[in-house]
Amino acid sequence: MSNQLIAQKLVGALGGKENIESVAHCATRLRVIIRDENQVQKDEIENIDKVKGSFFNSGQFQVILGTGTVNKVYEEVIGLGVSSSTTSEQKSAATANSNVFARIVRTFGDVFVPIIPVLVATGLFMGVRGLLTQPQVLAWFGMAPADISDNFILFTQILTDTAFIFLPALITMSAFKIFGGTPMIGLVLGMMLVFPGLPNAWGVAGGDVEPIYFFNFIPVVGYQASVIPAFISGFIGAKLEQKVRKFIPDTLDLIVTPFITLLTMIVVALFVIGPIFRSVEGSIVQAIVALLAWPFGLGGALIGFFHQIIVVTGVHHVFNALEVGLLAEHGFNAFNPIIAAAMAAQGGAALAVGLKTKSPKLKALSFSSFTAVMLGITEPAIFGINLRYVRPFVLGLVGGAIGGFIASLLGLRATGMGITLVPGMLLYLDGQLLSYLLTMVVSIGSGFALTWLFGFSDKMLENK
């Protein structure tokens, strides 16, 4: 079936272009804002060629088409006269009717998602450095760890430390942009929080450096690698800039608005927001570390079981902030291998459905979904297969718990975030690769075996 015909059938099953407010797309899904949900013929949509599933989420009707295909179908849909919009515009429209908690979580995601590629690159740099400095690897070149030059170490530190030292600047700049401020003002505010003249946050935490006490009771330090203080400062700063701009004449706006915003915000950030929310952030990170350290791998099993449920609810963006906090505070990310295990188990469950069914369409969908999971994309497997028949999804959750349990027992710790499964291997080049591969094999195998034995039969196609 041609992409043009697929687009025509989709628009018809969505109630016609008159029922479509706007359409956008992400890496795998067509995102549609619908005027009347009752006109959507979901079963008909899911029987269209190349459609791997569909669902309503956060005010949008999302059609899973897969990477590459979604771009081509989107162009054909636009060619039929349907209004287009950006994903950010759709998010604003979709979240207008969502609950407060969902809005907060989505806002966290909007702020942190643009930063993730930088942290992914930093994590890869850490992995490559870990690989190159392993004694076994150095031995191949007739070298030992003592032979590594100080200049090489300095060069790798530039690659691996810069993003975390200036993380508050990245966060405040992104927050200013999301909340309607000027990103460059946010960037400068964040750089002020890590000004070299302030006591280094890591030095203070290690007991080697003393904080500066203003008025004899307010401790002030640099906020290298801080997350929550930078986020709160960015939010308040953007709103303050908007308020100030309303009262400043246009002729003075260029000079006065940045002056008042930066002066006010650095005082508030250093003396109020920083001391309070640095403690809050520390408590949250400690709680996460304590959960991950539960004995017998129980913390990993718990996270591995519930992670994909959280993904289905759409509030999984909150994990971005948690992972950033772990990397910034401790230099490792123990969430990543557990999340990867949960995803792998859903892939294993989808693969079992594909091998067990006699339906050509479901078989093709299962195999392509499993491939997507191996690249770190679970939506086709979850929404296209596992949730449709419920049991594969539930047994995939059990497989995720088993994989998370193994990841915790082995003490897996990623050097970065943002990539999982096959691409995620690059985050474990510091001597953990075999343990990571073992965890992924166990996760896929668990989801597959449980679904093969108890989760699916072709009778479920008749009863669906």
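The values are calculated or read from the model by the stated rules, or taken from the named source; none is laboratory data. None of these values were measured; they are calculated from a predicted model. Reconstructed Cβ throughout: ideal geometry from the backbone, glycine too, with neighbour counts over all protein chains shown. Only protein heavy atoms, including side chains, enter the accessible area calculation; ligands, DNA and RNA are left aside. Shrake-Rupley method; radii C 1.70, N 1.55, O 1.52, S 1.80 Å.
By the scheme Lys and Arg +1, Asp and Glu -1, what is the net charge of all other residues having a beta-carbon under 15 Å from that of Val285?
Taking every Cβ under 15 Å from that of Val285, the sum is -1.
Contour minus end-to-end for Glu75 and Ala449, with contour as 0.36 nm per residue of separation and end-to-end as the Cα-Cα distance?
So the chain would gain 130.6 nm between Glu75 and Ala449.
Multiply the residue separation of Ala364 and Phe155 by 0.36 nm, subtract the distance between their alpha-carbon atoms, and state the gained length in nm to one decimal.
Taking Ala364 through Phe155 to full extension adds about 70.5 nm, to one decimal.
Can you give me the accessible area per residue for segment 117-227, using a 1.4 Å probe, in Å²?
Ligands and nucleic acids excluded, the figure is 53 Å² per residue.
In whole angstrom, note down how far apart the Cα centers of segment 1-79 and segment 146-175 are.
If you average the Cα positions of each part, the centres end up 43 Å apart.
Can you send over the solvent-accessible area of Met374, 1.4 Å probe, protein chains only, in Å² to the nearest 10?
Counting only protein heavy atoms, the figure is 40 Å².
Mind putting a number on the dipole of the chain about its Cα centre? Charges go on the C-beta only, +1 for Lys and Arg and -1 for Asp and Glu, and I need it in Debye to the nearest 20.
In debye, rounded to 20, the chain gives about 1120.
Taking R0 as 35 Å, what's the FRET efficiency between Val220 and Trp294 from their Cβ-Cβ distance, rounded to 0.05?
0.50
Taking 0.36 nm per residue of separation and subtracting the Cα-Cα distance, what length does fully extending Thr313 through Gln242 add?
Result for the pair: 22.3 nm of gain on full extension.
Measure off, as a whole percent, the carbon and sulfur share of the 1.4 Å-probe accessible area of the chain, all protein chains present.
In the chain, the share of accessible area belonging to carbon and sulfur is 66 percent.
Can you divide the C-alpha Rg of the chain by 2.2 N^0.38 Å and report the result to two decimal places?
1.08
Beyond 21 Å between alpha-carbons counts as too far, so tell me which of Lys17/Lys361; Lys177/Lys246; Lys50/Lys363; Lys72/Lys358 fall in that bin.
Lys17/Lys361; Lys72/Lys358
Counting helices only, and only those DSSP H runs with n ≥ 4, report the 222 nm mean residue ellipticity of the chain as the sum of -39,500 (n - 2.57) divided by its residues, in deg cm²/dmol to the nearest 500.
-19500 deg cm²/dmol
At a threshold of 8 angstrom on Cα-Cα distance, excluding pairs fewer than six apart, so keeping six or more, what relative contact order does the chain reach in percent?
15
Determine the per residue accessible area of segment 342-455 with all protein chains present and a 1.4 angstrom probe, expressed in square angstrom.
It amounts to 36 Å² per residue over segment 342-455.
Quick one: which residues, 5 or more positions from Ile377 or on another chain, have an amide H under 5 Å from its amide H? H modelled 1.01 Å from N in the peptide plane, none for Pro or chain starts.
Amide H neighbours of Ile377: none.
Taking the Cα centre of segment 156-269 as origin, sum charge times position over the Cβ atoms of Lys and Arg (+1) and Asp and Glu (-1), and report the length of that vector in debye to the nearest 20.
Around 420 debye, computed over segment 156-269.
Amide H neighbours of Ser22 under 5 Å, counting only residues 5+ apart in sequence or on other chains, H built in-plane at 1.01 Å?
Placed amide hydrogens put Ile33 under 5 Å from Ser22.
I'd like the orientation of helix 391-410 relative to the chain: the angle between its Cα long axis and the longest Cα principal axis, in ° from 0 to 90, rounded to 10.
40
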